[in-house]
Amino acid sequence: METLHSEEMILNIGPQHPSTHGVFRLVVTIDGEQIVAADPVVGYLHRGTEKLAESLQYTQIIPYTDRLDYVAAMLNNYALVHTVEYAMDLEIPERAEYLRVIVMELNRVASHLLFVGAYLLDLGAMSPFLYVFQEREMIVQLFNEICGARLTYNYMRVGGVKWDAPPGWLAKVRDFLPHMREKLKMYDALISGNEIFLSRVRGMGVITQEEAVAYSLSGINLRSTGLRFDLRKKRPYGIYDKFAFDVVVGQNGDCFDRYWCHFLEMEQSLNIVEQALESIPDGPVLGKVPKLIRIPAGEYYTSIEGARGELGVYIVSDGKDKPYRMKLRRPSFVNLQILSKLLIGQNMANMIAILGAVDIVLGEVDA
Amino acid sequence: MFGILKGLGVTFGQLTKKKVTLQYPEVKPVWPERFRGIHEFIPELCIVCNQCARICPTSCISLSGSRDANKKMRIDTYDINFEICILCDLCVEVCPTEAIRMTDQFELAAYSREEFYKDMHWLYDNHKEHGTYHALQEAKEQAAKEQAAKEQAAKEAGAKEQAGREPVAASEAATGGET
Amino acid sequence: MFSWQTQPLTGLNFIGMVIGAVVVLAILLLVVMYLIFFLRKVVAWMQNRIGPNRVGPWGLFQSMADVLKLLLKEDIVPAKADRALFLVAPIIAFVPAFTVLAVIPYTAGHIFTAGLNIGVLFYIALSSITILGIVLGGWASNNKYSLVGGLRSAAQMISYEIPLGMSVLGVVMLAGSLNLTTIVQQQATDRFGWYIIPQIIGFVVFMIAAVAELNQTPFDLPEAESELVAGYFTEYTGFRFAFYMLTEFVYLFAISALATTLFLGGWLGPWLPSWLWFAIKTSAVIFFMFWLRATMPRLRVDKLMGFAWKVLIPVALFNILLTGLLSLLV
Ligand code: SF4
Ligand code: SF4
């Protein structure tokens with residue numbers, strides 16, 4: 001008689017699947033509901049931004065960066081112009097720097113909000129997703145007023161920003177802050193205490209500090225393990241040294257800590273915006289920039305704290321108006337590495353909870 | 001258990017709140033002034049300097065021009081391929097004469113690819129239809145002013161802010177009038 | 001009291017029975033259609049949306065349009081599916097759903113009620129047949145997501161059947177009858193009033209198990225969209241898909257009606273006509289389920305089974321013990 005045996009099953013999750021947040025494919029081998037191996041397959045959204053950049057002037061690259069991490073495009077804009085400015089040693093007008101900080105931190109809030117909503121949607125709760133979109137909509141509407149677009153802002157320029165804030169805009173931002181704080185309390189009441197939610201995220205997908213460093217994680221994935229590493233504090237760029245804010249860290253490095261860090265970080269970002277609004281000076285918003293932007297030959301790298309981690313731009317220039325080679329360090333891509341390790345031995349249902357908490361944006365993973 | 005009850009309270013509280021849905025095809029969204037919609041193009045203003053085509057990161061503008069009797073450059077053809085235009089606004093930024101601008105028109109859906117190739121005439125029509133945006137804005141401002149005036153009759157306060165916006169409206173009216 | 005069983009089976013009576021069944025079916029189809037509408041509206045309001053509003057006044061015909069659309073769709077059977085089972089599975093799931101409605105006492109008149117002496121048992125027994133339909137559907141689709149979804153449902157529904165049955169036992173002990181009509185009548189004269197008061201533990205267990213039986217949030221794992229696409233009916237289209245949807249909503253109505261009958265005094269109530277009382281109470285239970293749906297994330301599969309076996313069943317057992325002691329002492 002044949003002996004009874006069980007088989008492992010290969011399940012292709014994605015590239016079209018409701019909770020892979022885009023075109024991401026995960027090949028998991030499951031034994032019953034247990035994952036034995038997980039193999040992420042990326043590249044479905046690859047547009048070759050880095051290669052395209054080689055034939056574009058620096059100003060023309062900016063709209064392309066919008067399409068990387070499309071939920072936090074302001075930060076991408078800044079990452080690029082910051083490197084170019086650093087390479088050219090440009091002087092940036094004060095007001096432009098303040099405007100940048102305001103829009104970047106607002107964008108960070110918008111991005112984290114989306115994380116909270118989408119994460120809960122992954123876990124099966126639909127309402128938070130629709131709630132957070134209301135606040136996100138307000139932020140996006142503010143961006144629409146300042147730069148004319150809701151998603152792909154193209155707002156930063158080498159040497160400053162495209163437009164000054166329209167009249168009354170800063171007041172609107174100021175009004176938005178208390179509203180947002182109020183809403184954060186509501187989300188806290190709705191989500192953070194829910195026992196079902198907690199049972200799904202507590203102790204789930206734990207990353208230790210050593211692992212996080214070894215896998216070169218950054219952003220909240222790193223901070224949730226308790227390591228106090230935030231580029232805004234560690235290597236202050238722009239005018240971040242002028243603001244008082246805390247670096248939020250977790251303790252256990254589990255999914256709940258990652259969720260919770262997102263939550264607290266929003267509050268910190270709101271604090272930064274508040275401080276920036278108080279002290280924003282008058283003046284021009286675009287510094288003295290040559291008409292044709294040329295970077296002296298050499299290699300330049302700067303990185304900023306993106307919404308998902310260290311967002312770096314590396315430019316090799318041969319002195320022309322186009323980069324000779326550009327490399328983007330996309331935090332989502334780097335953070336994704338740890339996924340296969342986190343998933344092994346987990347239950348299928350946890351897969352979604354863990355994948356969601358690693359918080360990837362496919363535009364950024366594939367560039 | 002307590003957390004679940006708290007969550008239930010939150011959702012129940014939303015039942016009576018104001019709904020945020022926009023009844024889209026009937027009610028259009030109100031776009032701010034800087035909104036970057038589909039372009040409008042005013043041939044009379046264009047001096048065929050080619051700057052817009054050169055800055056366009058996706059090279060979706062193609063144009064040609066010729067000299068007329070007075071040795072002035074006149075635009076002959078001006079096409080934008082909206083299959084690849086990313087509405088980045090760079091062309092508007094560099095245009096020295098504001099011949100190319102952006103409108104609040106955002107509805108681009110079409111049944112065939114050819115429809116995305118918009119030529120000069122389409123863009124000019126777009127200007128006439130949606131370029132009236134500024135005029136509309138002005139009308140809105142006007143209405144608001146009247147409203148404010150009415151309110152002022154009842155109450156003295158409240159009209160100041162409205163007056164502060166007047167110069168902006170006036171300058172827009174000027175640019176709109178040129179065309 | 002009127003009861004079909006006490007009547008001789010004459011031709012007239014037979015026609016009466018058939019008419020009664022058809023009327024119940026017709027009314028229920030309408031009710032179920034509007035349940036879907038009600039669900040979408042309630043959830044939308046809780047999410048600051050408007051919900052369906054385009055088809056007909058206030059979107060009232062939305063469900064009808066949806067059903068029509070489903071009927072008009074092509075009926076696709078996947079090439080690698082087990083054809084016979086694939087076709088028959090939705091029917092297996094669907095038929096018991098309507099059958100259980102025979103025993104629910106909607107009004108004090110009982111014209112539409114079978115008045116079975118073993119009504120409770122009948123409900124629980126028949127409703128478990130649906131599980132077969134679901135497992136078969138998941139298996140016959142020959143799709144991995146469907147299979148996992150189907151197996152999850154089987155595990156879940158079988159586990160929760162037990163606490164569901166046990167929680168009902170308390171009521172049966174108090175009423176001394178398995179007949180749903182008698183249970184309601186007992187509640188009119190019971191010294192504690194409606195059984196939700198002496199049976200509050202049983203009621204809570206019943207509600208939790210009911211939500212799980214229905215595959216509703218937070219127990220909607222079999223069709224967990226973010227994990228399993230649509231679970232066991234991923235491959236179904238057209239009216240076979242509609243059958244599954246209908247099954248789900250008929251059960252939603254049926255179990256709310258059962259909860260009303262067992263714990264909330266059925267048609268009892270002052271002033272208003274009895275059927276209206278029944279409708280109001282059932283709607284309240286249904287609303288509660290929708291409310292849960294708008295709030296909760298989903299449980300995890302292993303926790304789910306643990307919860308049934310380690311928490312619900314002991315609590316239900318304890319409730320039976322308590323009820324026994326209570327009826328001995330008081
Ligand atoms: S908006 Fe950008 S992409 Fe479109 S035509 Fe102008 S420059 Fe080109
Ligand atoms: S930049 Fe303006 S003026 Fe120059 S070619 Fe383009 S549209 Fe014409």
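Structure data summary
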| read-out | value |
| --- | --- |
| Some residue of the range A:219-240 being open to solvent by less than 20 Å² (accessible area, probe 1.4 Å) and basic (Lys, Arg) | yes |
| Residues satisfying the stated conditions in the range B:139-167, i.e. surrounded by 13 or more Cβ atoms within 10 Å (Cβ to Cβ) and at pLDDT below 65 | B:Ala159, B:Gln162, B:Arg165 |
| Helices (runs of 4 or more DSSP H) lying entirely in the range A:56-147 (those with 2 or more residues that are within 14 Å of chain C (Cβ to nearest Cβ)) | A:94-122, A:127-147 |
| Some residue of the range A:29-41 being away from chain C (no Cβ under 13 Å) and within 21 Å of the chain's Cα centre (by Cα) | yes |
| Qualifying residues in the range B:98-120 (those that are open to solvent by 40 Å² or more (accessible area, probe 1.4 Å) and within 19 Å of B:Pro43 (Cα to Cα)) - the one farthest from ligand 2 (Cβ to nearest atom) | B:Tyr117 |
| The lone exception for A:Tyr301 - which of (1) within 30 Å of A:Gly205 (Cβ to Cβ); (2) within 20 Å of the chain's Cα centre (by Cα) it fails | (1) |
| Selection count where residues are within 14 Å of chain A (Cβ to nearest Cβ), open to solvent by 70 Å² or more (accessible area, probe 1.4 Å) and not hydrophobic (A, V, I, L, M, F, W, C), scope the range C:37-93 | 2 |
| Within the range A:212-257, tally of residues that are more than 18 Å from the chain's Cα centre (by Cα), part of a helix (DSSP H, G or I) and of a type in the set (Asp, Glu) | 1 |
| Every residue from the range B:51-61 that is in contact with a Leu (Cβ under 7 Å, 6 or more places away or on another chain) and more than 8 Å from ligand 1 (Cβ to nearest atom) | B:Ala53 |
| Qualifying residue in the range C:232-245 (condition: out of contact with any strand residue (DSSP E or B) (no Cβ under 9 Å at 6 or more places or on another chain), closer than 27 Å to C:Ser146 by Cβ and within 14 Å of chain A (Cβ to nearest Cβ)) | yes |
| Residues being closer than 25 Å to A:Pro63 by Cβ, assigned to a loop (DSSP other than H, G, I, E, B), more than 9 Å from ligand 2 (Cβ to nearest atom) and open to solvent by less than 60 Å² (accessible area, probe 1.4 Å) - total across the range B:31-88 | 16 |
| Any hit, the range A:142-158, residues being free of Cβ contacts under 8 Å to residues at least 40 places away in the same chain, among the basic types (Lys, Arg) and out of contact with any strand residue (DSSP E or B) (no Cβ under 7 Å at 6 or more places or on another chain) | yes |
| Only one of A:Asp246, A:Asp230, A:Asp241 that is in contact with an Asp or Glu (Cβ under 6 Å, 6 or more places away or on another chain) and closer than 30 Å to A:Thr83 by Cβ | A:Asp230 |
| Set A:Gly48, A:Gly14, A:Gly22: member being surrounded by fewer than 22 Cβ atoms within 10 Å (Cβ to Cβ), of a type outside the set (A, V, I, L, M) and more than 14 Å from chain C (Cβ to nearest Cβ) | A:Gly48 |
| Residues that are at pLDDT below 85, open to solvent by less than 60 Å² (accessible area, probe 1.4 Å) and not polar (S, T, N, Q), drawn from the range A:164-200 | A:Met186, A:Tyr187, A:Asp188, A:Ala189, A:Leu190, A:Ile191, A:Gly193, A:Ile196, A:Phe197, A:Leu198, A:Arg200 |
| Tally of residues being within 10 Å of another protein chain (Cβ to nearest Cβ), part of a helix (DSSP H, G or I) and among the hydrophobic types (A, V, I, L, M, F, W, C) across the range A:148-202 | 9 |
| Yes/no for B:Val92 being part of a loop (DSSP other than H, G, I, E, B), within 12 Å of ligand 2 (Cβ to nearest atom) and either surrounded by 13 or more Cβ atoms within 10 Å (Cβ to Cβ) or aliphatic (A, V, I, L, M) (or both) | no |
| Selected residue [in contact (Cβ under 8 Å) with a residue 24 or more places away in the chain, closer than 30 Å to A:Glu137 by Cβ, within 16 Å of ligand 1 (Cβ to nearest atom) and more than 14 Å from chain A (Cβ to nearest Cβ)] from B:Ile75, B:Ile38, B:Ile42, B:Ile80 | B:Ile80 |
| Number of the exception - A:Gly205 against (1) under 19 Å from A:Arg108 (Cβ atoms); (2) more than 14 Å from chain B (Cβ to nearest Cβ); (3) open to solvent by less than 30 Å² (accessible area, probe 1.4 Å) | (1) |
| A:Arg108 out of contact with any strand residue (DSSP E or B) (no Cβ under 7 Å at 6 or more places or on another chain) and open to solvent by less than 20 Å² (accessible area, probe 1.4 Å) | yes |
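Each row is one residue, and each column tells you yes or no for (1) outside the structural domain of C:Val100 (by TED's automatic domain parsing); (2) within 21 Å of the chain's Cα centre (by Cα); (3) surrounded by 16 or more Cβ atoms within 10 Å (Cβ to Cβ).
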site	(1), (2), (3)
C:Ser256	no, yes, yes
C:Ile280	no, yes, no
C:Lys310	no, no, no
C:Asn319	no, no, yes
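The values are calculated or read from the model by the stated rules, or taken from the named source; none is laboratory data. Treat the numbers as computed from the prediction; the structure is a model and nothing was measured. Cβ: placed from backbone, ideal geometry, glycine included. Neighbour counts: every protein chain shown. For accessibility, only protein heavy atoms count, side chains too; no ligands or nucleic acids. Shrake-Rupley method; radii C 1.70, N 1.55, O 1.52, S 1.80 Å.
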